[in-house]
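Structure first, commentary second.
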Amino acid sequence: MSEVEGLKTYEVRTYGCQMNVHDSERLSGLLEGAGYVRAPEGSDGDADVVVFNTCAVRENADNKLYGNLGRLAPMKTKRPGMQIAVGGCLAQKDRDTIVQRAPWVDVVFGTHNIGKLPVLLERARIQEEAQVEIAESLEAFPSTLPTRRESAYAAWVSISVGCNNTCTFCIVPALRGKEKDRRPGDILAEVEALVAEGVSEITLLGQNVNAYGSDIGDREAFSKLLRACGRIEGLERVRFTSPHPRDFTDDVIAAMAETPNVMPQLHMPLQSGSDTVLKAMRRSYRQERFLGIIEKVRAAIPHAAISTDIIVGFPGETEEDFEQTMHAVREARFANAFTFQYSKRPGTPAATMEGQIPKEVVQARYERLVALQEEISWEENKKQVGRTLEVMVAEGEGRKDGSTHRLSGRAPDNRLVHFTKPEQDVRPGDVVTVEITYAAPHHLLAEGPTEAVRRTRAGDAWEKRNAAPAQPAGVMLGLPKIGVPEPLQAATGGCTVV
């Protein structure tokens, strides 16, 4: 048994979207509440409990899961008492086949009952047989469960789960269910509790975050929530992801512009610039509507950084359709974009559509789109040169910081900034004021001296966490940093939260 100071260890491996990241923090909190400690970094399966929090939207997601499970099988044979659990979207989808294909798995649980994991592990241990429990409706909002947050100064806050849209490329609604909203009072109570712990940045999270209110009968509930967050003392930065153009109303734009701690950043999934393709995707907006929203946001928030998701090669996409996407990208001038080559998502209507595009055509279009977006990203970043920005210091963002004698952090608009290390001691969560001197496509540089350093309660919280008795770091694979996500770069395949 691999134990740390006599305690059982756990490892959580996470794949997919921000909602899965959020769920994994809760899974870690649940396991630690049950007496487990995180396995040392690099354990690679050498833990008493290994949990896979899966994603079902990628093509061949199941093959990846079973490949990883297969690598653990001999390890489990050598270590009596080791347990393996599979949860998340793929577990919700393939509930009946996981134990058949991998009989050494001890627990299978779904997206609606993550709170049951410790009970299911104990039941599997006592009964010495696999426990498969998939709830068909939500048992508890993830945010109400115990948590082990990855960041001391930034946090996710779930405001809704599920989605009422029927996009033909997305299986999320079938696995996460219809949208269900949390009560505003519960959300604000959680935010206030997080701020009391030292958190200074929160990201409101929902599958379709700005549709918040549809379940409680208030079309302006999301804008009201943003304004309410603005009244919480000590909360410096508010972000949200991911909105849907259909539900992006003028009151939300006004709330963003008029609430000082709501950051000038917007991630708005375009998916395609072609009206024909958008219709085939069952996206309930068209290019004109999308660009109109962008124009309104920029009028109200001139320095807003807008990013997006785009799928290239959706079934039936013609060269003319693709050119419409290129046109929309030129008009919108996104600060950055997640660009995806379409791949079949098992269980989605698009997977069986006629007009599947040959791989070589998709690749060529994808490369043209990436080149265009790289050019625009660089041009937009160059506009930041000479600006003085407040940057929240981040942890683990700058891979070359040690050799360059720099630190890294995020500007209010979420751009990544590398800056010269000041003489004063600064901690993740503290805020520095710097002048931007150079721009690259995916980051900014502030090469001059730091103009000011503001020590914060968030920095105090980081310092307190790191001064506590060391607990082994866990392994969280495929995660963006909470509150300080990786730069939005071109990628192939993947999950979008829309």
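The values are calculated or read from the model by the stated rules, or taken from the named source; none is laboratory data. Please read all numbers here as calculations on a predicted model, not as lab measurements. A quick note on method: Cβ atoms are made from the backbone with ideal geometry, for glycine too, and the neighbour counts reach across all protein chains shown. What goes into the accessible areas is simple: the full protein's heavy atoms, side chains included, and nothing from ligands, DNA or RNA. Shrake-Rupley method; radii C 1.70, N 1.55, O 1.52, S 1.80 Å.
The GluC sites (Glu not before Pro) of the range 77-138 that meet both conditions, a loop assignment by DSSP and at most 13 other Cβ atoms within 10 Å of the site Cβ, are Glu128, Glu129, Glu136. Compared with the alpha-carbon gap, the fully stretched path from Arg282 to Arg71 is longer by 72.0 nm at 0.36 nm per residue. In a DSSP loop and with at most 11 other Cβ atoms within 10 Å, the trypsin sites (Lys or Arg not before Pro) in the range 134-233 are Arg231. Among residues other than Glu258 with Cβ under 11 Å from its Cβ, the summed charge is 0 (Lys and Arg +1, Asp and Glu -1).
Thr433 to Gln356: extension gain in nm, 0.36 nm per residue of separation minus the Cα-Cα distance? Each step should come with its number before you reach the end.
Values: separation 77, 0.36 × 77 = 27.72 nm, distance 5.01 nm.
Value of the extension gain: 22.7 nm.
Distance between the C-alpha centres of the range 367-394 and the range 139-200: 30 Å, rounded to the whole angstrom. Working from Cα pairs under 8 Å separated by at least six residues, relative contact order for the chain is 16 percent.
Under the simplified labelling scheme, the Ala364-Glu128 pair shows an inter-label distance of 6.3 nm, with each label point 7 Å from Cα along Cα→Cβ.
Accessible surface calculations at 1.4 Å, restricted to protein heavy atoms, place the chain at 41 Å² per residue. Among the trypsin sites (Lys or Arg not before Pro) within the range 315-412, those in coil by DSSP and having at most 16 neighbouring Cβ atoms inside 10 Å are Arg333, Lys344, Lys383, Arg387, Arg399, Lys400. In order along the range 281-290, the phi-based Karplus estimate (6.51 cos²θ - 1.76 cosθ + 1.60, θ = phi - 60°) of 3J(HN,Hα) comes to 7, 6, 8, 8, 8, 10, 3, 4, 5, 4 Hz; Gly and Pro are listed as x. Positive-end ranking of Gly162, Pro243, Ala461 along the dipole of the chain, with charges on Cβ about the Cα centre, is headed by Gly162.
Placing a label point 7 Å from the Cα of Glu139 along the Cα-to-Cβ direction, the residues of the range 76-96 whose backbone N falls under 15 Å from that point are 86-88, 92. Here the accessible area of the chain is 50 percent carbon and sulfur, with a 1.4 angstrom probe and all protein chains present. Which of the three applies to the range 1-149, rounded, prolate or oblate, going by the alpha-carbon gyration tensor with a ≥ b ≥ c and a/c under 1.5 meaning rounded? Rounded, since a/c falls under 1.5. Residue ranking by accessible heavy-atom surface, 1.4 Å probe, largest first, among Tyr36, Tyr10, Tyr438 comes out as Tyr438, Tyr36, Tyr10. Given (i) 1.05; (ii) 1.08; (iii) 0.96 as candidate values of Rg/Rh (Cα atoms, Kirkwood Rh), which corresponds to the one derived from the coordinates? Recomputing Rg/Rh (Cα atoms, Kirkwood Rh) here gives the entry labelled (iii).
Per-residue accessible area (protein heavy atoms, 1.4 Å probe) orders Thr433, Thr168, Thr147 as Thr147, Thr433, Thr168, starting from the largest.
Per-residue accessible area (protein heavy atoms, 1.4 Å probe) orders Asp23, Asp425, Asp401, Asp215 as Asp425, Asp215, Asp401, Asp23, starting from the largest.
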